[in-house]
1. Do the alpha carbons of any pairs in Lys338/Lys369; Lys170/Lys369; Lys139/Lys170; Lys49/Lys203; Lys67/Lys345 sit beyond 23 Å of each other, and which pairs?
2. What is the projected area of the convex hull of the Cα atoms of region 201-272, averaged over all directions, in nm²?
3. Based on alpha-carbon atoms only, what is the radius of gyration of region 5-197 relative to the globular estimate 2.2 N^0.38 Å?
4. Any number yet on Rg/Rh for region 148-260, C-alpha, Kirkwood?
5. Divide, for region 42-81, the radius of gyration over alpha carbons by 2.2 N^0.38 Å, where N is the residue count.
6. Under 37 °C and 0.692 mPa s, how fast does region 135-196 diffuse according to Stokes-Einstein, given a Kirkwood radius computed over C-alpha pairs? Answer in µm²/s, whole number.
7. Would you work out if region 40-144 is rounded, prolate or oblate? Take a ≥ b ≥ c from the square roots of the eigenvalues of the alpha-carbon gyration tensor; rounded if a/c is under 1.5, else prolate when a/b is larger than b/c, oblate otherwise.
8. Longer than 24 Å from Cα to Cα, which of Lys287/Lys363; Lys45/Lys224; Lys87/Lys343 are they? Say none if no pair is.
Amino acid sequence: MPDNTAFSNHTRDEKAFHCQHRKQHTIHQVEQIVSESDVMKQLMKALRKIAPTQTAVILRGEPGTGKEVIARAIHHFSQVADGSFVKLCCEHLNDEKLMNDLFGNHEQQGKTEGKLHIADGGTLFLTEIAHFSLQLQGKLLQYLEENAFEPIGAAQPEYSNIRIICASEKDLEALVLTQHFLPELYYRLHIGVLNLPPLRERKADIPGLVRYFFERYNQINHRKLTIDAAVLKPIFNCHWPDNVRDLENCLEHAALLSEDDTVQSLPCQQGRCIRQYLDEKISQANKIATAQSEKKIIVGPELTAPVAGDESALNTNSHSLLSSVELERSRLVMTLEKCGWVKAKAARQLGITTRQLSYALQKLNIAVKKY
């Protein structure tokens, strides 16, 4: 069986690099945060109150709600605004790499300094705290209490003065209940918590977000694009699963499809909505996987075994059986992703026991992610 370790590590490093080096037009100016809606006005009021303190902050919200934008705003209004804003993309790194990147490594030749050292006198933004192992959570909690950390291989601890901002789109309460998140760290971070609203709850901000997007797009691409007011109507009706990020992607797609300097239609109006296309494909795959699993695959002790008495299943060729197994594997992984890789929660959604799910994961060689 081929060793995919090097490939997966390369993929993780590549994702971390792209997370660390976001394209410039996605980094918003703090002064231009759109907050016409009541929920955003309340958020900005709370932000201005909490920013000048040294309290650690956790930002909770769905994907694409602008957690990095708000983190930069907190830094901008903080006591350490003259210091560096350092970002660590946690969700694409394994535990060993996270340990090295956060604390530094003094064992290896040409010692490397971690983000806790680099961000001294500034702000450190951790993008997905739920990805931390319990060991890393404990070390972060220790830093929050003592302002001290030990680089790997160091003879003595180092001290730094950093404003810590964490973000998460996971169900941290469920992770605490399943003992995947330290309750002590949960309590410590939630002293200062800001809940970011999804785009569907801040529709009054959509015209401002659209206007701001085209201002930046025109500046970067040397264009003079505008958007027809009538085009805004479908935007208000969309669910926007990825929130502001989805809106930006949609508008950029519309800008590329525009034949002149006025955007007169959206991709969805031309049957070119990438989000809709992907969602339909995923939904179709889920339906097929469910149908196949009900007929040929039993999630539990008899995983991938044909149902007794089903002669057609016994005559299934190896190609279709493999396809069924792949679809079942995809269904389990997607359910686990949705449940934050909490097996008990995923098992309930699948309508099976945790033991049956564990057996299925073993049979399909699915490695459970540890948060």
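The numbers here are math on the coordinates, done by the rules we state, and not lab data. These figures come from a predicted structure and were not determined experimentally.
1. Values: Lys338/Lys369 12 Å; Lys170/Lys369 14 Å; Lys139/Lys170 20 Å; Lys49/Lys203 25 Å; Lys67/Lys345 26 Å.
Exceeds cut-off: Lys49/Lys203; Lys67/Lys345.
2. Numbers: hull surface 18.2 nm².
For the Cα atoms of region 201-272, the hull's average projected area reads 4.5 nm².
3. Numbers: Rg = 16.5 Å, N = 193, 2.2 N^0.38 = 16.3 Å.
Scaled against compact globular proteins, the figure is 1.02.
4. Result: Rg/Rh = 1.17.
5. Numbers: Rg = 9.9 Å, N = 40, 2.2 N^0.38 = 8.9 Å.
Ratio of Rg to 2.2 N^0.38 Å for region 42-81: 1.10.
6. Working: Rh = 13.1 Å.
Roughly 250 µm²/s, to the nearest whole number.
7. On the way: a/c = 2.27, a/b = 1.60, b/c = 1.42.
Since a/c reaches 1.5 and a/b is larger than b/c, the shape of region 40-144 is classed as prolate.
8. Working: Lys287/Lys363 22 Å; Lys45/Lys224 34 Å; Lys87/Lys343 30 Å.
Cα-Cα > 24 Å for Lys45/Lys224; Lys87/Lys343; rest within.
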